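The values are calculated or read from the model by the stated rules, or taken from the named source; none is laboratory data. This one's a predicted model, so the numbers in the text were calculated from it and none came from an experiment. Methodologically, a virtual Cβ is constructed for each residue, glycine included, from the backbone with ideal geometry; neighbour enumeration extends over all protein chains shown.
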Amino acid sequence: MQHEHRQLDQVSETSPFDAIRNFTPEGREYWSARELMPLLGYSVWRDFANAIHRARVACSNSGTDPVHHFAGARKVAPSGPAAENFHLSRYACYLVALNGDPRKTEIAAAQTYFVIKTREAETTSAAPAIPQTYAAALRAAADEAERADRAEAQVRELEPRAKVADKLLTADGDLSVADAAKSLTRAGVKVGQNRLFNLLDREYGWIYRASDGRWRVRQSAIETGWMSVIPQSHYHPKTGVLVLDPPQPRVTPKGLQRILSDHSKGDAA
């Protein structure tokens, strides 16, 4: 089994995610899935392994080879056979957090951390060569200051949105499309109720308009946790007979986070 090396930095005093960060002998950072599991609110490996599987699928669908981010490993148990484990890159941790149970407050905290830290890593350039002249040193210092200002500005821009995502994920229950549109607008995705209905239909394919002109939620969107429905009914004003109405489409916190995440990627592009 690969020997684990751990280094703690100054941030580890405030971040439990940095506190469990490991390094390979070659200096590559990674997180042990077994150690990350309780920080994401999971107590059963089988449930957490499902989140990892969804993250691997998302990684593959994005055109990235999961092998480079989800390295197989084994955790030595005090007694009995070694347990399944993974060495997760920062990007893999980010995907696991996005594909975790949105009802867990720990998931929201992990998303906030890995969203910000991943952006910081993306905006940090490799160390430049040592300047050979005083003029070159001045230019290098100016360039480094400019890069630092840009990175800080991007993190400041991302941080409020991550906090909004945190609030969305900890929301109690699912939202009507109208309320979901209001929440997304507050999060920076300017969309009204009608536009959100069209977005859910044409871009995501989570709903469709039935022959009666009413919106229906596709079963696949319910099974994946993006949307839900609430049964509706009313009493006929003349006969008093109970009439069943089409169920009301509802957007789940996980669905809100998916839309917010896609919108953030579009802004970055």
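Before moving on, here are some points about what is shown:
- In a residue-by-residue description of the stretch 3-17, the property of being of a type outside the set (D, E, K, R), modelled with pLDDT of 90 or more and assigned by TED's automatic domain parsing to the domain that holds Ala108 applies to no position.
- For the stretch 14-112, the strands (runs of 3 or more DSSP E) that sit wholly inside it and include 1 or more residues that are hydrophobic (A, V, I, L, M, F, W, C) and crowded, with 21+ Cβ neighbours inside 10 Å are 29-32, 70-75, 83-88.
- Residue count for the stretch 76-97 under the criterion of being modelled with pLDDT under 85 and closer than 17 Å to Asp47 by Cα: the result is 1.
- Per-region count, the stretch 184-220, residues surrounded by fewer than 11 Cβ atoms within 10 Å (Cβ to Cβ) and small (Gly, Ala, Ser): 3
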